[in-house]
1. Let me check against my output: what whole-number percent is the relative contact order of the chain, with C-alpha pairs under 8 Å and at least 6 apart?
2. Let me know the shape class of region 30-134, please: from the alpha-carbon gyration tensor, a ≥ b ≥ c as square roots of the eigenvalues, rounded when a/c is under 1.5, otherwise prolate if a/b is greater than b/c, or oblate.
3. For region 123-242, what class follows from the C-alpha gyration tensor (a ≥ b ≥ c being the square roots of its eigenvalues): rounded when a/c is under 1.5, otherwise prolate if a/b is larger than b/c, else oblate?
4. How large is the charge dipole for region 5-309, taken about the Cα centre, if only the Cβ atoms of Lys, Arg (+1) and Asp, Glu (-1) carry charge, to the nearest 20 debye?
5. When ranked by the protection proxy of mean other Cβ atoms within 10 Å per residue, highest first, what sequence do the peptides 61-72, 174-185 form?
6. Which three extents, in whole angstrom, do the alpha-carbon atoms of the chain cover along their principal axes, largest first?
7. Could you sort out which of Lys192/Lys292; Lys75/Lys192; Lys75/Lys96; Lys107/Lys192; Lys96/Lys192; Lys107/Lys154 sit more than 31 Å apart by Cα distance in this structure?
Amino acid sequence: MAGLAAAGTARAQGGSDRRPPDPGETIHLWPNGAPGEDRVTVTPEVTERSTSPDYHDRFAAYTRDPRMMVYRPAKPNGAAMLLIPGGGYRYSVLDKEGTEIALPFSKAGITCFVLLYRLPADGWTAGHDAPLQDAQRALRIIRGRAAEFGIDPKRVGVLGASAGGHLAAWLSTGAHYQVYQPVDRLDTVSAKPDFSLLLYPVIAMAEPHVHAGSRKELLGASPTPQQIAAYSPYLQVRADTPPAFLVHAYDDGGVPIENSFLYAAALRAAKVPVETHYFEEGGHGFGIRQTKDLPAAAWPDLFLAWAARRGYLGASTSARAR
């Protein structure tokens, strides 16, 4: 598995060469190692959960070498997206909310970067800010190397799902925070996305709508009121927060749909463009593959139409393979 085997042990429950291969291009975020690794003792691990011959379903835990897998389109339209999978800040669900979205989106002309990010409870000096360090650095690499990737530095978006949606919203509202010391010229580049796509995102850190598992992994068992406010992205929305496209299902039993309501309302109050699509059925964590025969299957094309209408893409196209 290019870009993943080096992460540590990979436990497989099945396999087949019918599964799509990972791209050969991997970008390591930190040239001299991730900041604050002195106390980190965890061993990286990537586990394959899929028993199907047709798709991967891997999750990465204890990441120590954060990096991006690059999916370059055959016909790029100049847009780029940083894809941040979820996993409750305990691990990263690489395929369902990463590679399985990157493949069709790259066919639609978007250059995609799937992020393997560090987790807050693994002993990093930055603690709960370690994921934001990686997200900021990743966005800066994409924008700072735009000419190399053949993209427009003013059309760089972020996609986040579940806890990854929290990180994407956190990046959108907190790109101006300096959470690490600059390491090279790329750190002079803006880390703020131009637009965001949030799938069933974790947004609230307070009751009654909090996803308790994500909050515990991010902030510990007893966060202060100040931490709860600071790490609830809807409370940090400003007039310059990037426009957003939100997708959620009413029957989500993991992250209550009110999380999307709160973020959308905050954007609207700040006069930031936002489009929302709330589906009757879908549950939590559906990505693309698990929307089969559900109304939520429409979300990729709805998003691409929105992004094209706002000028983030080239010609309007479809995420479904032709």
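1. On the way: 755 pairs, mean separation 46.9, N = 322.
Here the relative contact order equals 15 percent.
2. Working: a/c = 2.65, a/b = 1.50, b/c = 1.77.
Taking the square roots of the gyration eigenvalues as a ≥ b ≥ c, region 30-134 is oblate.
3. Details: a/c = 2.22, a/b = 1.62, b/c = 1.37.
Since a/c reaches 1.5 and a/b is larger than b/c, the shape of region 123-242 is classed as prolate.
4. Details: 30 positive and 32 negative charges, 130 e Å.
Around 620 debye, computed over region 5-309.
5. So the order, starting with the most tightly packed, is 61-72, 174-185.
6. If we take the Cα atoms of the chain, the spans are 49, 46, 40 Å.
7. Details: Lys192/Lys292 33 Å; Lys75/Lys192 25 Å; Lys75/Lys96 24 Å; Lys107/Lys192 25 Å; Lys96/Lys192 25 Å; Lys107/Lys154 21 Å.
Beyond 31 Å between Cα atoms: Lys192/Lys292.
Since every read-out is calculated from the coordinates, none of them should be taken as a lab result. Since this is a predicted model, take the numbers as computed values, not measurements. Virtual Cβ from ideal backbone geometry, glycine too; neighbours counted across all protein chains shown.
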